[in-house]
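Have a look at the structure below before the remarks.
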Amino acid sequence: MANKNIFKAMIEYAKIILPKVSFSEELFRKELNKCIHWVEPDQVQKLYLWCFENFNEMYPDVLNEVFKGTAVHKYDKAELIPAFFTLFVLFFLDILKF
């Protein structure tokens, strides 16, 4: 059970640390690699979607390089937009408690 909490905490860690190190491409790449290796395989897509949303304009090459070889890299960006939209709708519905 403690390991699951560590993996979940790594997503939250990524959301805190990646914006702070985004001033440096080298640090960003290093921290993103750490995050990918610490999250559970089923959490990598969530991390990718979040990174794509927040850092694709700044570091598209880094994202492609770091996520290459992961299960999410096989997706085309056009396929990720509906997935992101679905997550947004589910989040919105959860807020409204439908």
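Coordinate-derived values only; no laboratory data. Predicted, not measured: the structure shown is a model, and the values here were computed from it. So basically every Cβ, Gly included, is an ideal-geometry build from the backbone, and we count neighbours across all protein chains shown.
Rounded to whole numbers, the Karplus 3J(HN,Hα) couplings from phi for segment 41-54 are x, 6, 8, 4, 5, 4, 5, 4, 4, 5, 5, 4, 5, 9 Hz, using 6.51 cos²θ - 1.76 cosθ + 1.60 with θ = phi - 60°, and x at Gly and Pro.
Report the local net charge at Ser24: Lys and Arg +1, Asp and Glu -1, summed over other residues whose C-beta lies under 15 Å from its C-beta. Write out the running numbers ahead of the final one.
On the way: positive: Lys20, Arg29, Lys30, Lys34; negative: Glu25, Glu26, Glu31, Asp61.
That sum, taken over residues with Cβ under 15 Å, equals 0.
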